[in-house]
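Read-outs: derived from the displayed coordinates by stated rules, not from any lab. The structure displayed is predicted, hence computed values, not measured ones. Note that we place each Cβ from the backbone using ideal geometry, even for glycine, and neighbour counts take in every protein chain shown.
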Amino acid sequence: MRTRLSAVAMRAGIVGLFACSFAVVPMTTGTVSATPAHAGGKYLVSFANLSGAWTTENFNPLIPSGADDFTRGAIYEPLMVITQAGGGRTYKWLATGTRWTNHKRTLIVSLRHHVRWSDGKPFTSKDVAFTFNYGKSHNVDLSGLMVSGQITSVKPQGKYAVRFNFKTVDTVVLQQLLSAVCIIPEHIWKNVKNPLTFANSHPVGTGPFTQVRDFTSQEYTLARNKYYWQKLHYAGIRVPAFNSNTSALASMVKGQVDWAPVYIPDAKKAWVDVNPKYYHYFYSPPTTPLDMMFNDQAYPYSLPVLRQAVSMSIKRGALSVKAENGYEKPARALGLSYLYPNWVDHSLDKLNNKLSTFNPKAAKKMLRKAHFKWHHGKLYDPKGKRVSLHLICPAGWSDWQVQLQILAKSLSHSLGINATYDFIDVNTWLADRSSRTMGGKYGALFGTESSGQTPYQYFWSFMSKESYFPVNGQIPGGSWNIEGWYNNQATKLLRQFRQTTNRKLQHRIVNQLQKIDLQNLPVITTVTQAQWYTWSTQHFVGFPTAKNYYAYGPGYSYPDVVKVLTSLRPR
Amino acid sequence: MKYLARRFGFYLLAFWVAVTLNFLLPRLEPGNPLQYLQIRYQAQLQQNPHLLDPLKPVFDTQHGNILIQYVQYLVNLAHLNFGVSFSQYPASVNTIIASALPWSLFLAGSSAILAFLLGTTLGVVVAWWRGKPFDLTVTPLTMFTQSFPAFFGAMLILYFVGVEAGWFPLNHAYDYGVQPGPYIFGLPWSWNFITSVFSHAAMPVAALLISSLGGWLLGMRSVMINTLSEDYVTMAEAKGLSTLRVMFMYAARNALLPQVTSLAITLGYALTSLVLIETVFSYPGLGYQLVNAVLARDYPLMQALFFIIAVAMLIANLIADLTYSLLDPRVGVRSGAR
């Protein structure tokens, strides 16, 4: 027994030596890149998620899971592409127009003619009505408007128009209704009993790239829809799977990926300089800001003057440069300023500047006037209690961690607040957020506000009584209003806003909301949010650029992605 | 026989502990898959807060009596039914594993066997000429490459060999579009496919190799040195046999036993060392899936993968135990007599 084993082992050892030296010699196929076939720009190589893991062909647009990188956008399309990018734009897509009637209780959406599904069947108003009604009956309503009951019924009106009947007058829902939903074909989905377990391996959509080809767990192709209603300039999209920055970046610098949502710490050096002629990135589009949020119901953070003083005691420039590589720009105290420049009320510039500028001396003066006191440089509230603050963020979110450190340091230095920080488990942090407990009474954490077509959603998400929920309470409509602040006047103004289509009146309302925001500062802005977006023009041109930001850049942005896909041209 | 029964009893107990821990650990961990999705789709949710609403009822599974859940879990396990993946919903866990397992076995198996053969052979050689220049350079060198973690070596290889030199493909298991070709005995035999698989495996295997070579070399070297001082080796040399013959047929043959034992164990452990390697090279194996599963709090997939790893380790140890008792009867006798 022993003899045989070692003799075999030895023989194998010699073979092994050969095999090994063989493995070290580069083979001819090894020098060929992993994705060579887009020569001439035939196929766009791109992925929209860095957690690429799929095993089965799952192109169900109603459940965000599986191989869903381009399902929403390349296969299924919206009625219109409404984006906040580039100062806000609307592109007519499957729908060509909207009209309010019945005292703004009914919206009539007219549809594009001669659109076909990828199986050749015509696209009509029945499909649109079906999509919304199916969403309600099967609880897969991406608009949220059917399930909430805001839309009471959806009916086809002739072949190319759809009637949406509303419970109350609500003019701010257009983006949700037209842009968030993926229109699905009635003739396929009427047979789908349970959309949650439906893998949709052979998707039928109206989108530009609907044909699934060569599906493997490491890559798949979405090829051209031959019935597409616009001219297409290339054959399809190839989607490779990556689950780490390292792996993705290695392929990107070798020119194997055309478009990717990847964060690169020193993007200029590690990405652009590799091939400056073709490689680009744009991480800093206008966005709503990242906010520091206190529990605004807890004294002394319930005092607007303290929140204003805090805003004047943080160095937003340092947060941007030191924590975010300058990718996220310093925010203005008025969070509206970047995403909605056309809505800014410039009569408030002076106040906005004052609250955005680092000036602890003035901040202290304001606090002193409001009966705050200092003993040995430590801040005490008017009731004589030490002012403390505990900042939390998820451990491992390294840029936020640096922000917390800078914030805590500058608040204790410039104001004498007893500021501490802690990096906690991400799930505990999320739980703290959604229950508004924030890890303690004086906790503060980071978050963002909603953003929509107009500033309505933005202000609604942190100033309205409708978004407010008490500590440990139930969250209405998403995870907004974490700081727990509302104001009756703001609530009334917001209600007024959504009941009118008069732009002038809406502007007047937003001007008043801005004033309330600055006077109360429910949340403290820090920096703008980044979007990780890199592209190479080696094979394709026409990507959104800083100068021409016609749609959001990252491929996961639905519905912007379909606008980008149809705007690209092979070089 | 008594020895074997005892060993099997021990492994059954260990198996039960592993299975139970596998059930408990994910439930002790804070968070749930829905919260992970909230982070992954953060940007989209800002524009469309209702994106995840359809999945809420599906993922809300952590309710109910824990004992009933445990029994249910054991029943499912007995049927090898691991349920449906959360992160790749609605794909079943079994499909995911079926597609990932062959790649991991290939990667782990080929690198472990290569490391064993190369390391052991080198160990024999350096032990024979111990203290000579070859020993003095190779031994410390392999110790050095072994001392840094496998993924670090992997990243260096990815950068220098893959990106800078461009010798090998950077990721995945084979070139996209290459057809596996005719299947014979359940294995693909297209020449293009095979060369593609080998060139894609080169860098991951090399990374695993350099991090494990040192152990094999050192292990063999120390046993060899003992064996070399045995009388029968001196005798063989005195007979005037060739160096190679004495080195391999007399000394190495007898020093090999502990190495064979470690090989079995290594094969079991190999799956764990793959996790980071597969991530660096986006290699579509179990490690790649495990990283995604853990990040996504995909409990069903996680449980299945940990189960596989636990079973692989137990089996590896069991094989080592059995071969040991077969190869060296004293093991069984002594344990049995105790």
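What the table below lists for this structure:
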read-out	value
Mean Cα-pair separation over length for chain A, i.e. relative contact order, pairs under 8 Å, 6 or more apart, %	19 percent
Candidates B:Val294, B:Val75, B:Val19, ranked by Gaussian network fluctuation over chain B, Cα under 10 Å, top entry	B:Val75
The stretch A:75-189 - percent relative contact order, Cα under 8 Å, separation 6 or more	31 percent
Packing-based order for B:223-235, A:153-165, using average beta carbon neighbours within 10 Å, highest first	A:153-165, B:223-235
Residue of B:Phe134, B:Phe168, B:Phe23 that the Gaussian network model of chain B assigns the largest fluctuation, springs spanning Cα pairs under 10 Å	B:Phe134
Unsatisfied cross-links (Cα-Cα over 28 Å) in the set A:Lys329/A:Lys515; A:Lys92/A:Lys155; A:Lys350/A:Lys383; A:Lys226/A:Lys547	A:Lys350/A:Lys383; A:Lys226/A:Lys547
Summed side-chain charge close to B:Tyr176 - residues other than B:Tyr176 whose Cβ falls under 10 Å, Lys, Arg +1, Asp, Glu -1	-2
9 Å beta-carbon shell around A:Ile406, net charge (K/R +1, D/E -1)	+3
Cα centroid of the stretch A:290-326 to Cα centroid of the stretch A:234-283, whole Å	34 Å
Distance from the stretch B:61-128 to the stretch A:163-197 (C-alpha centre basis), Å	41 Å
Given charges at beta-carbon only (K, R positive; D, E negative), |dipole| of the stretch A:289-528 in Debye	1120 debye
For residues of B:173-179, the mean tally of beta carbons on other chains within 10 Å	6
10 Å Cβ neighbours from other chains, averaged over peptide A:54-60	5
Overall form of chain A per C-alpha gyration tensor (a/c, 1.5; a/b vs b/c)	oblate
Average silhouette area of the stretch A:75-189, convex hull of alpha-carbon atoms, in square nanometres	7.2 nm²
Taking A:Ser201, A:Ser412, A:Ser435 and counting other C-beta atoms within 10 Å, the order from fewest to most	A:Ser201, A:Ser435, A:Ser412
Cut-off 12 Å between beta-carbons: net charge of the residues surrounding A:Asn60, Lys and Arg +1, Asp and Glu -1	-1
The stretch A:289-528, relative contact order in percent, only Cα pairs under 8 angstrom and at least six apart counted	31 percent
Ordering of A:189-196, B:239-246 by packing [mean C-beta count within 10 Å, highest first]	A:189-196, B:239-246
Distance from the stretch B:136-194 to the stretch B:263-278 (C-alpha centre basis), Å	15 Å
Shielding by partners, peptide B:276-285 (average Cβ within 10 angstrom, other chains)	4
